[in-house]
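**Student:** Handing you a structure now.
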Ligand SMILES: Nc1nc2c(c(=O)[nH]1)N[C@H]1C(S)=C(S)[C@@H](COP(=O)(O)OP(=O)(O)OC[C@H]3O[C@@H](n4cnc5c(=O)[nH]c(N)nc54)[C@H](O)[C@@H]3O)O[C@H]1N2
Ligand SMILES: Nc1nc2c(c(=O)[nH]1)N[C@H]1C(S)=C(S)[C@@H](COP(=O)(O)OP(=O)(O)OC[C@H]3O[C@@H](n4cnc5c(=O)[nH]c(N)nc54)[C@H](O)[C@@H]3O)O[C@H]1N2
Ligand code: SF4
Ligand SMILES: [Mo]
């Protein structure tokens, strides 16, 4: 029997782990570890180990489906593509091109995302967005404003060079498990690990110092640390003078602030804040890791800017082991943003609101006209649909009916559309609302490149043919374009990559030959022969003037405070064996077996008061609705706080859709709730 090993990438998170698919007679039958992969060194977490349960899953969508009443009918690709083109064209004609909304998929490759935003814009709609809106949009705009580039500053393996690892609002041990190996490597070399998280987590177990912060008070904590750094002469004056702007304003804003005030506001003892500040500032190289505990707040953008500011004043930037690591979520969310799958940006972060960007792409795409942005964000598209301004949507590889905050609103918005296309690998809650469901090839069934959280761009080749009649996303988008009289020049992923090389400066030298080698290349890689870039901002920042912009911001309260009626703060987040909507992991038997149902963690003090016992079915209610969940009574959450994973649809019935005013991200991490035993 002939056995073949084909290199592949994990389709889940943005660590970008590599492995080999074992093929027998053209079928994927196993996974073999890839020991020389630069980010994962052969490691895979439980989800990566279980990828075949998804690829070969019997539930995969296999045929195009058209809705008739509550039923779905199998149709041919000819009919499906005609229907898709007609539905989009009809709405563009009757309601104008700005009535079209597009969601690009951060689970899909760069070439597919590039082509989808090109289709949207060539049709005259600026409304293209992706799940980064719900995730790291504060990083793209906030870190972009401070450092010039809204991406991870160093590579992952470089964490081993840190003497101090400060992880704030990230539970990487569950959400990016393979990163733990690099943190462990640093610990073995003597590094101190500081974790700021309200909960006890698998990550906080690794910490030398756990700051159990009150949710929503990160700016106060960071300002407390800055106060210590400035007052104790630990600021890096040379770095501040040579490479930054705005330090005087920061000093002025800290003048009336005190460590004691920070302690009161955050609930973290003053001594611990001071210790954290000293360890972070004094270490020869410190890394700052952050994730959704920082971004998913109404002050998400300010949180990000304050994290970056701490790193700047301590001079912990632009060297091995020193920098800021925003832990990106999806396997290709970095790439999707790079490709212009965002309302604010054309490809390569050219602002969609600037006429020069439009002119550049008019020339590149030989287009007579293109829309000036910014387009509507995904969260704004929901509102616009409810107001009758968005009438048709084309959603690829996203499940907003499970993952948006306050999903009853999203459901109503999608119900009000004239026409909805969903392109998926499984029948999701969102696909169930579509007029047309298009079955897509999964990662191992198509060619293309993915950009991981460390800006690592890696190309994989199709290893197996798509299931049933499923098609590569690129082909589907290209065919819809053709039927609308648009030549997207997307006949192959290779052809699209060549266009990306020309239009996205960071990807200029990323040819297929180069990025299909083990580990690919890290952007920026402006021309062929360029080795790629592991560490950003070594000599200058990528702001127009080359200097970083120190931010002086003060904390703002969350949108929802507790009240006698809703006395508990509900936070939502992740567990290791499930992934986002759960549309994949809940279909993966080995993963579902480990965590089969929705639960909520409650502190024993609250549980005693509410007469809730471990294992009871409880009702968690907010002003938006209620969710049933199994109670877990545990000191992992603070009194007055509850935690629920969001991998089951019920969770987002109750979450808050209050938005950060700049990045438009919802405040998933704080909703006022009450909990009672289900009668
Ligand atoms: N297993 C698994 N892995 C995943 C995913 C998944 O669904 N499952 N999803 C991927 C995606 S899309 C993303 S974006 C990442 C997200 O990865 P993470 O952001 O690490 O995951 P979360 O659990 O959402 O939140 C991280 C931590 O923030 C803490 N937190 C909550 N509120 C606050 C606060 O106010 N301040 C501070 N300092 N901390 C707070 C929570 O207690 C939690 O432990 O994970 C990726 N990886
Ligand atoms: N309560 C709460 N809600 C949250 C969060 C939270 O912390 N708390 N976090 C938010 C965050 S950070 C994020 S990123 C969002 C995630 O929100 P989504 O992006 O909607 O979540 P996913 O489950 O990753 O959805 C991706 C879909 O793509 C499909 N897919 C996978 N591969 C392919 C492919 O090759 N082609 C196609 N066409 N489809 C494919 C999968 O089946 C899946 O249904 O959720 C947000 N929602
Ligand atoms: S850490 Fe992320 S990329 Fe690596 S195996 Fe796990 S889910 Fe996949
Ligand atoms: Mo995310």
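**Student:** With a ≥ b ≥ c the root eigenvalues of the C-alpha gyration tensor of segment 568-677, is it rounded (a/c under 1.5), prolate (a/b larger than b/c) or oblate?
**Tutor:** It comes out oblate by the Cα gyration axes.
**Student:** Between helix 355-364 and the chain, what is the angle of the helix's C-alpha long axis to the longest principal axis, kept within 0 to 90° and rounded to the nearest 10?
**Tutor:** It works out to around 40 degrees.
**Student:** Related question: Among rounded, prolate and oblate, which fits segment 4-55 when a ≥ b ≥ c are the square roots of the eigenvalues of its C-alpha gyration tensor, a/c under 1.5 means rounded, and a/b larger than b/c means prolate?
**Tutor:** The shape class here is oblate.
**Student:** Fewest Cβ neighbours within 10 Å first, please rank 59, 657 accordingly.
**Tutor:** The most exposed by this proxy come first: 59, 657.
**Student:** What's the angle, to the nearest 10 degrees (0 to 90), between helix 300-313's Cα axis and the longest principal axis of the chain?
**Tutor:** For 300-313 against the chain, the angle is about 50 degrees.
**Student:** Oh, and also: What order do you get for 402, 379 when you list them from fewest to most C-beta neighbours inside 10 Å?
**Tutor:** Numbers: 402 22, 379 25.
Arranged by neighbour count, lowest to highest, 402, 379 become 402, 379.
**Student:** Among bridges DSSP assigns within the chain, what percent are antiparallel (round to 5)?
**Tutor:** Around 50 percent antiparallel, to the nearest 5.
**Student:** Could you tell me whether segment 478-553 comes out rounded, prolate or oblate from its Cα gyration tensor? Rule is a ≥ b ≥ c as square roots of the eigenvalues, rounded for a/c under 1.5, then prolate if a/b exceeds b/c, otherwise oblate.
**Tutor:** Judged from the Cα gyration tensor, segment 478-553 comes out oblate (a/c at least 1.5, b/c at or above a/b).
**Student:** Could you put 257, 507, 19 in order, starting from the residue whose Cβ has the fewest other Cβ atoms within 10 Å?
**Tutor:** 257, 19, 507
**Student:** Please state, as a whole number in µm²/s, the translational diffusion coefficient that the Stokes-Einstein equation yields for the chain at 4 °C and 1.567 mPa s, with Rh defined as the Kirkwood radius across alpha carbon pairs.
**Tutor:** D = 51 µm²/s.
**Student:** Relative to the longest principal axis of the chain, what angle (0 to 90°, nearest 10) does the C-alpha long axis of helix 179-188 take?
**Tutor:** The angle comes out at about 30 degrees.
Each reported figure results from applying straightforward, stated rules to the coordinates on display, with no laboratory input. These numbers come from a predicted model, not from an experiment. As a convention, Cβ positions derive from the backbone with ideal geometry for all residues, glycine included, and neighbour counts pool all protein chains shown.
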